[in-house]
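Reviewing the structure listed below.
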Amino acid sequence: MRNRGPLLLISVLLAISLILSHSPALGNESTIVLGTVSERGTGDRIPNAHVLVLVGHQEGYIRKVLETGANSSGYFALELPAGSNYSICVYYDNPLTPGFDYVPSVKTIYALSGARLNLSFELYEGASLLLDGEVLFVETAYPEKPVFAVLDPESREIMKFGDFTLKFGELDFPNKYLELDPNHVIVPAGIPFMIGVYSGSEISAGNLDVIWYSGSNLISQSFIIDRPDHFLLEKGETIHVDLTEFSVLNGLSTVKRLVSEVQFIIRERKEEGFYLALEEQRLSRTYSLIHEAEYFLNQGEFEFSFAKLREAYTEASDLKRWLDEMRIEAYRSVFLILPFLALTASAISFLFFEGRSMKVIAAFVVFLLLLLATYLLYPGSRIVEAPIFFGASLASLISVLSVLAVLPMFMRG
């Protein structure tokens, strides 16, 4: 077998000389990078791979500064100005296969003056998942542009190969610089995975929460796209997934959880003595909307199904907010009712009795009767803590009696 070592060395030297002939002379103020591209597992060289040099790193500001390629033997050489952080991305896709054949490999370096780096890029076999339709959330009519992340089914964290985090969407890297559609997701071949969908851009490796602002409220939203046995693709394969269908399924789960919360709150309020016939009618309407949404979902009418879910979510959210406000207002109103009851009891005692002692005793008795009636008939009185309720009651009666005792003397004076 012929020794290929000298030929490979000559190829590398020729690549370096070619770069130097097209670059300004930087002397020692540059870093030389010698790279090899091979397939993970087999170690076979990958010829003619694409090499992309970016300033910065994937999780922060990033800008393309150079685009070149490896030679037919899988070697490449770069000369980079010193003093900056660079992300070197190597990728390859066979145009004869429907999907992306390899997961891109990224290495982050800091270029030192006069440095010489030897880097090996091993590419994992890959495939493509194309997300059709649109992302919809029942919580908002205006979600931000989504980000898609490839997740490990066991840890549910975002997969990361070297310095490359597998997240895609309308991002400069990887979709823009690799000339991929925003809904094109590169996935590892032969490895089970799920897809996390996030409406927003503030996403980091291992974090499932993404945020956006809706009015003055901070909302966190995400959902998972998965199969019962998870996704598992072969090298170069492509599959299509309907985003709208999974959005509706996620919306259905969200609405059902919310309606269950509302039903529990209604049960609590009824136990506290609130009369909620109208609220129960509104809840019944929400259940009807859910049933209609499920019907359209089974018929494949995802847009109609989502419209019903959006209506059900709005109705259930308003009902939940009203139930919370109802309890708060009932609690507050007790402290307005108590002085009125004390004044009523005092007025009755002053009308029917002459002696001061009898008036005070009668006022206490009438006030106790009014408190008992209020406790039995008005739910707000039963949600106030007993020490606070009786303390406020006593303070109200003493205050009213004191005013009624002092007022005649003040008027005579």
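The values are calculated or read from the model by the stated rules, or taken from the named source; none is laboratory data. These numbers were taken from a predicted model, which means no experiment stands behind them. Every residue, glycine as well, gets a Cβ built from its backbone with ideal geometry; the counts of neighbours run over all protein chains shown.
Screening the stretch 169-195 for residues that are assigned to a strand (DSSP E or B) and modelled with pLDDT of 95 or more and picking the one that is nearest to the chain's Cα centre (by Cα) gives Ile195.
Residues of the stretch 234-269 that are closer than 30 Å to Ser381 by Cβ, basic (Lys, Arg) and touching a helix residue (DSSP H, G or I) at 6+ places or on another chain (Cβ under 9 Å): Arg269 alone.
State whether the residues of the stretch 168-175 include one that is touching a residue at least 12 places away in the same chain (Cβ under 8 Å), touching a helix residue (DSSP H, G or I) at 6+ places or on another chain (Cβ under 9 Å) and not hydrophobic (A, V, I, L, M, F, W, C). Break it down stepwise before answering.
If we filter the stretch 168-175 for residues that are touching a residue at least 12 places away in the same chain (Cβ under 8 Å), which is where we start, we get 168-174.
Right, trim to touching a helix residue (DSSP H, G or I) at 6+ places or on another chain (Cβ under 9 Å) and you get 168-170.
Checking which are not hydrophobic (A, V, I, L, M, F, W, C) leaves us with 169-170.
Within the stretch 168-175 (the criterion being touching a residue at least 12 places away in the same chain (Cβ under 8 Å), touching a helix residue (DSSP H, G or I) at 6+ places or on another chain (Cβ under 9 Å) and not hydrophobic (A, V, I, L, M, F, W, C)), the answer is yes, since at least one residue qualifies.
Any idea how many residues of the stretch 91-109 are assigned to a loop (DSSP other than H, G, I, E, B), in contact (Cβ under 8 Å) with a residue 60 or more places away in the chain and within 20 Å of Gly162 (Cβ to Cβ)?
Step one: list which residues in the stretch 91-109 are assigned to a loop (DSSP other than H, G, I, E, B), which gives 92-101, 104.
Subsequent filtering for residues that are in contact (Cβ under 8 Å) with a residue 60 or more places away in the chain retains 94, 97-101, 104.
If we keep only those that are within 20 Å of Gly162 (Cβ to Cβ) too, we end up with 100-101, 104.
Residues that pass the stated criteria total 3.
Of all the residues in the stretch 271-322, those that are over 27 Å from Arg382 (Cβ atoms), part of a loop (DSSP other than H, G, I, E, B) and among the acidic types (Asp, Glu) number 1. Answer yes if at least one residue in the stretch 356-366 is modelled with pLDDT under 85, more than 24 Å from Glu329 (Cα to Cα) and surrounded by fewer than 13 Cβ atoms within 10 Å (Cβ to Cβ), and no otherwise. Checking the stretch 356-366: at least one residue is modelled with pLDDT under 85, more than 24 Å from Glu329 (Cα to Cα) and surrounded by fewer than 13 Cβ atoms within 10 Å (Cβ to Cβ).
When you scan the stretch 362-374, do you find a residue that is more than 30 Å from Phe274 (Cα to Cα) and not assigned by TED's automatic domain parsing to the domain that holds Ile266, even just one? Looking for residues that are more than 30 Å from Phe274 (Cα to Cα) and not assigned by TED's automatic domain parsing to the domain that holds Ile266, one finds at least one in the stretch 362-374, hence yes.
Among the residues of the stretch 321-365, the one identified as of a type in the set (S, T, N, Q), in contact with a helix residue (DSSP H, G or I) (Cβ under 6 Å, 6 or more places away or on another chain) and over 15 Å from Ser402 (Cβ atoms) is Ser333.
If you go through the stretch 114-138 and keep only what is outside any strand (DSSP E or B) and either under 30 Å from Asp229 (Cβ atoms) or modelled with pLDDT of 90 or more (or both), you end up with Ala115, Gly133, Glu134, Val135, Leu136, Val138.
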